[in-house]
Amino acid sequence: MGSVLPLAILLSTALGDFAPQQAGSEPLEPALEARVQKLGKQLRCAVCQGLSISDSPASMARAQLDKVRSMVAEGKSDEEIRAYFVERYGEWVLLQPEAHGINWLVWLGPVALLLIGFVVIARQIQKKPAAAPEANAEQQSKRPAHAQGDDDEYLARVRAELER
C-alpha cells in the first residue's frame with residue numbers, strides 16, 4: 001500500500017500535462033461577451049448532447065465557446081457563426097433547428113398531437129348519451145326488481161335465464 005500512493009502521485013503529475021485545456025481565451029467586453037453567451041446557448045455540446053456549449057463543463061464545449069468568442073472578436077455575424085458550426089457538425093448542433101423541410105415536424109408535431117387529443121376527448125364527451133327520463137323509466141319497469149340499477153346486458157340476460 002505504501003508504494004501505491006507515490007505511484008499515483010507520479011502518474012497524476014506526469015499525465016497532468018495531457019489534460020485538456022479549459023477555456024483559454026479572455027472574456028470580451030460585456031456587450032460582445034453577452035453575444036458570445038447568447039450564441040453559446042444556441043449551440044449543442046457534442047459531448048453532453050443535452051446542454052449548450054455555454055452550460056457544458058466539457059473541454060470540447062469550452063473549445064467551441066472559445067471559437068465563438070474569437071469569431072465574435074473578428075466581427076463575424078451571428079448567422080456566419082451558426083453557419084460555421086452547422087457546416088462542421090451538421091444541423092444537429094443547433095439546439096433549436098430551423099423550421100424548414102422535415103424540421104417542420106419538430107415544430108408542428110406537438111401542436112398537432114395536442115389538437116388531435118382535444119378532438120378525441122371532445123368526441124368521447126359527446127358520445128355519452130344523455131339518457132331521457134322517459135326511456136329510463138320504461139327500461140326500469142321492464143326489468144325484474146332485482147335487476148333494477150344494473151346496466152350490464154349480459155348479467156341481465158343471465159338473471160332472465162335463471163328466472164325461467
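The values are calculated or read from the model by the stated rules, or taken from the named source; none is laboratory data. Predicted, not measured: the structure shown is a model, and the values here were computed from it. No Cβ is skipped: glycine too gets one built from the backbone with ideal geometry, and neighbour counts run over all protein chains shown.
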Looking at (1) within 17 Å of the chain's Cα centre (by Cα); (2) surrounded by fewer than 18 Cβ atoms within 10 Å (Cβ to Cβ); (3) charged (D, E, K, R), which is the one condition that is false for Asp78?
(1)
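Hey, any hits in segment 143-153 for a residue that's at pLDDT 70 or above and either surrounded by 10 or more Cβ atoms within 10 Å (Cβ to Cβ) or not acidic (Asp, Glu) (or both)? Even if it seems obvious, please write down each step before you answer.
Let us first name the residues in segment 143-153 that are at pLDDT 70 or above, namely 151-153.
After this cut, where a residue has to be either surrounded by 10 or more Cβ atoms within 10 Å (Cβ to Cβ) or not acidic (Asp, Glu) (or both) as well, the list is 152.
Yes, there is a match, as at least one residue in segment 143-153 is at pLDDT 70 or above and either surrounded by 10 or more Cβ atoms within 10 Å (Cβ to Cβ) or not acidic (Asp, Glu) (or both).
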Just one of the numbered conditions (1) surrounded by 10 or more Cβ atoms within 10 Å (Cβ to Cβ); (2) modelled with pLDDT under 85 is not true of Ala132; which one?
(1)
Residues of segment 61-75 satisfying the condition of being surrounded by fewer than 19 Cβ atoms within 10 Å (Cβ to Cβ), free of Cβ contacts under 8 Å to residues at least 40 places away in the same chain and of a type outside the set (D, E, K, R):
Met71, Gly75
Of the residues in segment 49-59 that are of a type outside the set (Gly, Ala, Ser) and either touching a residue at least 24 places away in the same chain (Cβ under 8 Å) or within 16 Å of Gly90 (Cα to Cα) (or both), the one that is surrounded by the fewest Cβ atoms within 10 Å (Cβ to Cβ) is Gln49
